[in-house]
Amino acid sequence: MNKNDQQFVAQKIRTQYMEKHTSKLDALRSLDLKVRRPANIFSYVFGSISAIIMGSGMSLVMTDIGATLGIANPLVTGIVIGVVGMILAIVNYPMHKGILNSRKKKYAPQIIEMSDKIMKNN
């Protein structure tokens, strides 16, 4: 390893131990992420569960799993479960928007204040 490579590796390791100075823009980005992340996580989890429920209903209708499970009329049961999953998937977006809007209202003054400071400095 030549001297330049050694210096590069040493500098790379050194930067891991130095204090990180966050800028105002980084703080604004992290606050925006703090607003959006809970709504996104909820939507992904709730949407996945809804899709699994809807798929379970479809499986009851299209396969013989219902007979294996001992369900007398798997067609009706599958349709009901599928429709419930579909309704849950449909209401996922309005629920996401509701969570996001409530968090935006909560953090709006802080975000506006930080963004004003950033825009006035530039």
Mean Kyte hydropathy of -0.5 or more with a Cα span along the axis of at least 15 Å, helices from DSSP in the chain: 24-62, 74-121
Within the accessible area of the chain (1.4 Å probe), percent carbon and sulfur: 64 percent
Rg [Å, one decimal], Dmax [Å, integer] - the chain, C-alpha atoms: 25.6, 78
Overall form of the range 13-52 per C-alpha gyration tensor (a/c, 1.5; a/b vs b/c): oblate
S102 accessible area, 1.4 Å probe, all protein chains in place, Å² to nearest 10: 60 Å²
Per residue, in Å², the accessible surface of the chain once ligands and nucleic acids are set aside, probe 1.4 Å: 77 Å²
Overall Cα dimensions of the range 25-71 - principal axes, largest extent first, Å: 59, 14, 9
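The values are calculated or read from the model by the stated rules, or taken from the named source; none is laboratory data. Values in this document were obtained by computation on a predicted structure and should not be read as measured data. Accessible surface is based on the protein model in full, side chains and every heavy atom, while ligands, DNA and RNA are left aside. Shrake-Rupley method; radii C 1.70, N 1.55, O 1.52, S 1.80 Å.
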